[in-house]
Amino acid sequence: MSSQNPVFIPGPTNIPEAIRKACDIATLDHRSPKFANLFKPAIAGVRRVLSMDAGEVIVLPSTGTGGWEAALSNTLSSGDKVLAARFGMFSHRWIDMCQRLGLQVDILETPWGEGAPLARIEAALRADESHEIKAVLATHNETATGVRSDIAGIRRALDAAGHPALLLVDGVSSIGSMPFDMAGWGVDIAVAGSQKGFMLPAGLAILGVSPKAIAAMETATLPRCFFDFRDMLRSYAAGGYPYTPAVGLIAGLAQSIEMLEEEGLEAVYSRHHRLAEATRRAVAGWGLRPCAVSPELYSDTVTAVVVPEGCNGTELVQLAAQKYDMAFGVGLGEVAGKVFRIGHLGMLSDAMLLSGLAVAEMCMADLGWGIKLGSGVAEAQDYLRASATQPLAAAA
Ligand SMILES: *Cc1c(COP(=O)(O)O)cnc(C)c1O
């Protein structure tokens, strides 16, 4: 039997049938108007998802990681100082990339499970009177720990300190699933990837770039070629692309945006919140807790579940894959083995979520973690029953 169980890794996410079909198109000449006809609505849609007012959308054949590199290399120069907090694997990897690119990183070490430390960020910016810090890096949703940071708060810190640094935000596991307000938060570059909230296969880095970041690309001297925004923007203006675009994925992106907007972005966000809350109820029912240390940090796209003392989260993930053909996320870095992760983003319904929670519960019982079957699932069921909304007719 070939099963098609949903995945519960926090990306890549489950791909709706309509998006798989939309990606499957005949070859077209990307130098013809056909390409512009496909591309323009897709990038216009990304603007709405990111809630942009000014600036440009850039779509690169890459992944989120390439999006980080593009954000850095287009706005910064060798030796520039950037400010970043480290509180999980993804914020760590971005810092590591900065260092490898020859940037100087002022690192705010923060316990894993906490979010961006606003007071320390503001203090660091205030102390930087000569404005040596050129950019503040923020991971909106730390996928390793299931922590959402307050990007509006970082903007307030920058403004309170009267600091001109760019605000570069990794929204790879939040954009399209949780509210994101690029204009309102004064974000200079927002980075997304196709395979998370956009429900596409991996292969696109999707960026929103503010006018201030566009101005910075004229003075930035970090080497870049494939990722050079200037080539992109010049080609876009002529309805083209500087090299061969991933046409199928771009067709899928247009479909993704159509689906997100058909459901309604607010409805998409509240669906994610509801499914996340159901997951957290299940976790509490198991007598466990999320890695995120307080409720205002809880992510609506991924929950990292702290496993009982003496148990190993990676064993659960392996068992779920081997015995039940279901994928959960392992703990990464500092929390390897100490957590397992339930991704609840993208195409996900109540029934799909319950299947994941039930399998996680069976694995915990199999592993002798002292968890009673039904203890978490029933909590999630109660919550979902009480908060049920009309299923989306268009999803039929
Ligand atoms: C998945 C993820 C990335 C990496 O994206 P890739 O598409 O795998 O390169 C970066 N940041 C966050 C927060 C992520 O969740």
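The values are calculated or read from the model by the stated rules, or taken from the named source; none is laboratory data. Note that the structure is predicted; figures quoted are calculated from it, not measured. Every residue, glycine among them, receives a Cβ derived from its backbone with ideal geometry; neighbour counts consider all protein chains shown. All accessible areas refer to the heavy atoms of the entire protein, side chains included, with ligands and DNA or RNA removed. Shrake-Rupley method; radii C 1.70, N 1.55, O 1.52, S 1.80 Å.
A few remarks follow.
- Filter result for Ala71 (within 20 Å of Met178 (Cβ to Cβ), within 16 Å of the ligand (Cβ to nearest atom) and under 22 Å from the mean Cα position of the chain (by Cα)): yes
- Pro10 meets each of the listed conditions (1) surrounded by fewer than 19 Cβ atoms within 10 Å (Cβ to Cβ); (2) part of a loop (DSSP other than H, G, I, E, B); (3) of a type outside the set (Phe, Trp, Tyr) apart from (1).
- Test for Met326: is it within 20 Å of Pro6 (Cα to Cα), at pLDDT 95 or above, more than 16 Å from the ligand (Cβ to nearest atom) and over 18 Å from the mean Cα position of the chain (by Cα): yes
- Condition check for Gly203: within 15 Å of the ligand (Cβ to nearest atom), open to solvent by 10 Å² or more (accessible area, probe 1.4 Å) and more than 25 Å from Arg126 (Cβ to Cβ): yes
- Residues that are out of contact with any strand residue (DSSP E or B) (no Cβ under 8 Å at 6 or more places or on another chain), away from the ligand (no atom under 13 Å from the Cβ) and not small (Gly, Ala, Ser) occur at least once in the stretch 41-48.
- Test for Leu60: is it more than 19 Å from Thr139 (Cβ to Cβ), out of contact with any Pro (no Cβ under 7 Å at 6 or more places or on another chain) and within 16 Å of the ligand (Cβ to nearest atom): yes
- A single member of Ala380, Ala358 is buried (at least 16 other Cβ atoms within 10 Å of the Cβ), without any contact (Cβ under 8 Å) to a residue 40 or more places away in the chain, in contact with a helix residue (DSSP H, G or I) (Cβ under 6 Å, 6 or more places away or on another chain) and in a helix (DSSP H, G or I), and it is Ala358.
- So Ile154, is it crowded, with 24+ Cβ neighbours inside 10 Å, within 11 Å of Ile121 (Cβ to Cβ) and away from the ligand (no atom under 13 Å from the Cβ): yes
- Residues that are of a type in the set (Asp, Glu) and part of a helix (DSSP H, G or I) were ranked within the stretch 313-338; the one that is farthest from Ala365 (Cα to Cα) is Glu334.
One line per residue, one yes/no per condition, for (1) away from the ligand (no atom under 16 Å from the Cβ); (2) crowded, with 17+ Cβ neighbours inside 10 Å:
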{"position": "Ile15", "(1), (2)": "no, yes"}
{"position": "Ile19", "(1), (2)": "yes, yes"}
{"position": "Gly55", "(1), (2)": "yes, yes"}
{"position": "Gly67", "(1), (2)": "no, yes"}
{"position": "Ser78", "(1), (2)": "yes, no"}
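- All of Ser77, Ser62, Ser91 fail the test of being closer than 24 Å to Thr221 by Cβ, among the hydroxyl-bearing types (Ser, Thr, Tyr), touching a residue at least 24 places away in the same chain (Cβ under 8 Å) and in contact with a Ser or Thr (Cβ under 7 Å, 6 or more places away or on another chain), apart from Ser77.
- Residue in the stretch 173-181 that is open to solvent by 10 Å² or more (accessible area, probe 1.4 Å), polar (S, T, N, Q) and closer than 22 Å to Thr65 by Cα present: no
- Subset of the stretch 244-272 (residues that are touching a strand residue (DSSP E or B) at 6+ places or on another chain (Cβ under 8 Å) and either of a type in the set (Phe, Trp, Tyr) or closer than 21 Å to Thr303 by Cα (or both)): Tyr269, His272
- Residues that are of a type outside the set (A, V, I, L, M, F, W, C), surrounded by 15 or more Cβ atoms within 10 Å (Cβ to Cβ) and in contact (Cβ under 8 Å) with a residue 24 or more places away in the chain, drawn from the stretch 212-238: Lys212, Arg224, Asp228, Tyr236
- Scanning the stretch 34-53 for residues that are open to solvent by less than 10 Å² (accessible area, probe 1.4 Å) and within 26 Å of Phe90 (Cα to Cα) yields Val46, Val49, Leu50.
- All positions within the stretch 136-150 that are crowded, with 24+ Cβ neighbours inside 10 Å and either among the aliphatic types (A, V, I, L, M) or more than 13 Å from the ligand (Cβ to nearest atom) (or both): Val136, Leu137, Ala138, Ala144, Val147
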